[in-house]
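Each value in this text was obtained by applying a stated rule to the coordinates, not by laboratory testing. Treat the numbers as computed from the prediction; the structure is a model and nothing was measured. Note: ideal-geometry Cβ built from the backbone for every residue, glycine included; neighbour counts use all protein chains shown.
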Amino acid sequence: MPDDPALPPVGLAVSGGGDSLCLAWLARQWRKHLLAFVVDHGLRAESAEEARLTVQRLEAMGVPARLLTLSGLTKGPGIAERARQARYAILAQACREAGCLDLLLGHQADDQVETIRMRQESGSGPEGLAGMGWVTALPDVRLVRPLLGFSRQALRNTLRQAGLVWVDDPSNEDLRATRVRVRHDLQGQDTRQTLWKIGIEAGTARMQRDAARAESLARRVSLRPEGWACLGPELPDAEILSGLIRAVGGLIYPPPPAAVARLLTAGQDATLAGVHLVRWRAEWFLVREVAAMSAPVPAEAGAMWDNRFECWLPSVVSGGGMLIGAAGPGLERTLRGGWPARFCATLPALWRDGQRVAVPHLGWWAEETLKEAQCVFRPPVSVTGSGVYGCPDGNEAAEAGRAPDM
């Protein structure tokens with residue numbers, strides 16, 4: 001994209017730490033039309049001040065910045081994953097509002113090696129061993145990680161040479177966190193180089209498999225706008241089934257490979273990761289599990305419900321106490337277009353005062369003003385991943401499969 005102020009800016013996710021601040025400094029040498037987003041998770045008393053300080057440092061660097069504040073996060077089990085999901089959700093929303101097609105992230109080579117080791121230890125299959133993608137295509141934005149070929153130390157040395165200071169988050173030294181323990185365990189350079197090479201090889205293989213899967217999906221599977229998948233008379237292989245479960249369930253990450261393997265072996269109706277595998281009319285379908293769907297959300301233009309449906313509404317609808325939620329049971333047979341009631345119960349619907357007033361996918365509305373309402377199925381990650389893995393930035397060490405100096 002040209003560096004043109006008339007076009008949308010390139011987005012940057014900047015926490016204020018050494019990695020993301022160096023990303024901003026390097027990006028500023030590359031182009032002028034940037035927009036940084038600083039997320040305050042609100043989990044530490046000092047986080048708000050640190051976020052404001054980061055915004056000031058970015059603006060002093062010549063990078064415009066917006067402060068995004070999360071609410072509702074509480075410490076406790078799964079906080080790292082909950083914070084990550086909330087962070088990516090608010091960043092994606094900010095990119096949509098600003099028109100950013102690309103969001104640059106500060107993940108670097110040490111992060112990649114740690115990710116690969118963590119996935120090794122969790123028994124991840126070949127998909128996970130590819131690590132983080134250099135480019136990951138989401139429905140609204142491309143996540144770009146241009147620093148994966150550079151070590152944490154190299155980035156901090158760059159900041160020191162530029163006379164810049166950064167924020168050190170104390171949670172990065174909390175040994176209760178799995179990633180921090182892995183970081184402390186990975187002291188040997190040989191181990192890091194081995195893991196780096198595993199990631200390069202696994203990433204290259206992953207992209208080849210993604211291409212083959214896309215071809216197979218086009219021939220055999222229909223991913224429908226209603227949010228369910230028609231698999232045909234026979235179940236697909238484990239990797240394709242895993243990607244479909246992720247899409248239908250609105251998940252960022254695929255379900256555990258062992259659980260998918262058990263599902264295939266059983267070959268019967270079952271649930272996994274918020275998705276129901278159903279046999280109907282001699283064919284297999286994946287539909288959302290009713291009990292796992294999200295609660296209703298306010299009916300506003302661009303609202304995302306159940307992490308899968310983006311809703312666009314007539315201007316007369318927004319606000320006014322209307323909600324977007326599951327259609328639920330009780331839809332008349334004549335409205336369902338031949339689909340089972342349990343399928344249609346998972347469709348997004350508009351509700352007012354406890355009454356269902358529209359189900360856009362069924363072309364039904366109780367009021368003429370709701371006729372133009374639409375809910376578009378947009379899972380957070382495509383079935384085949386749509387990412388670039390194992391493709392370093394061109395430096396000789398990375399091309400040779402060796403880890404950067406760490």
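Toward the positive end of the charge dipole of the range 293-377, with +1 on the Cβ of Lys and Arg and -1 on the Cβ of Asp and Glu, the farthest Cα among 330, 370, 304 is that of 330.
Summarising the amide proton neighbourhood of residue 134: residues at separation of 5 or more, or on other chains, whose placed amide H is nearer than 5 Å comprise 388, 389, 390, 391. In the chain, helices alone account for a calculated mean residue ellipticity at 222 nm of -11000 deg cm²/dmol, with every DSSP H run of four or more residues adding -39,500 (n - 2.57). Kirkwood-type hydrodynamic radius, the range 221-288: 11.6 Å, calculated from all non-identical alpha-carbon pairs. For helix 189-220, report the angle its Cα long axis makes with the longest principal axis of the Cα atoms of the chain; keep it between 0 and 90° and round to the nearest 10°. Tilt relative to the chain: about 30 degrees.
Charged side chains reduced to their Cβ positions (Lys and Arg at +1, Asp and Glu at -1) give the range 221-288 a dipole of some 160 debye around its Cα centre. Over the Cα atoms of the range 10-196, the radius of gyration divided by the Kirkwood radius equals 0.94; this is the Rg/Rh ratio. Panel note: the C-alpha atoms of the range 70-122, placed on their principal axes, show extents of 39, 28, 14 Å (largest first). Each 20 Å bin, from zero up to the one with the longest distance, holds this percent of the alpha carbon pairs of the chain: 24, 54, 21, 1. Sequence-ordered 3J(HN,Hα) estimates for the range 357-367 from the Karplus curve with 6.51, -1.76 and 1.60 and θ = phi - 60° stand at 10, 6, 10, x, 5, 9, x, 10, 8, 8, 10 Hz, glycine and proline given as x. Within the shell defined by Cβ-Cβ distances under 13 Å, the residues around residue 114 carry a net charge of +2, with Lys and Arg each +1 and Asp and Glu each -1. Each 10 Å bin from zero holds the following percent of Cα-Cα pairs in the range 293-377: 19, 57, 23, 1. Per-peptide packing, taken as the mean over residues of other Cβ atoms within 10 Å, places 212-218, 15-21 in the sequence 15-21, 212-218 from highest down. Projecting the Cα atoms of 56, 256, 171 onto the charge dipole of the chain, computed from C-beta unit charges around the Cα centre, puts 256 farthest toward the positive end. Using Cβ point charges alone (K and R +1, D and E -1), the dipole size of the chain about the Cα centre works out to roughly 500 debye. Phi angles of the range 64-71 translate, via the Karplus equation with coefficients 6.51, -1.76, 1.60 and θ = phi - 60°, into HN-Hα couplings of x, 9, 10, 8, 10, 10, 8, 10 Hz per residue; Gly and Pro are given as x. Compactness ratio for the range 201-321: Cα radius of gyration over 2.2 N^0.38 Å (N = residue count) comes to 1.22. Placing unit charges on the Cβ atoms only, positive for Lys and Arg and negative for Asp and Glu, gives the range 10-196 a dipole magnitude near 260 debye about its Cα centre. Per-residue Karplus couplings for the range 30-42, computed as 6.51 cos²θ - 1.76 cosθ + 1.60 with θ equal to phi - 60°, are listed in order as 8, 7, 9, 7, 10, 8, 8, 10, 10, 9, 9, 6, x Hz, Gly and Pro entered as x.
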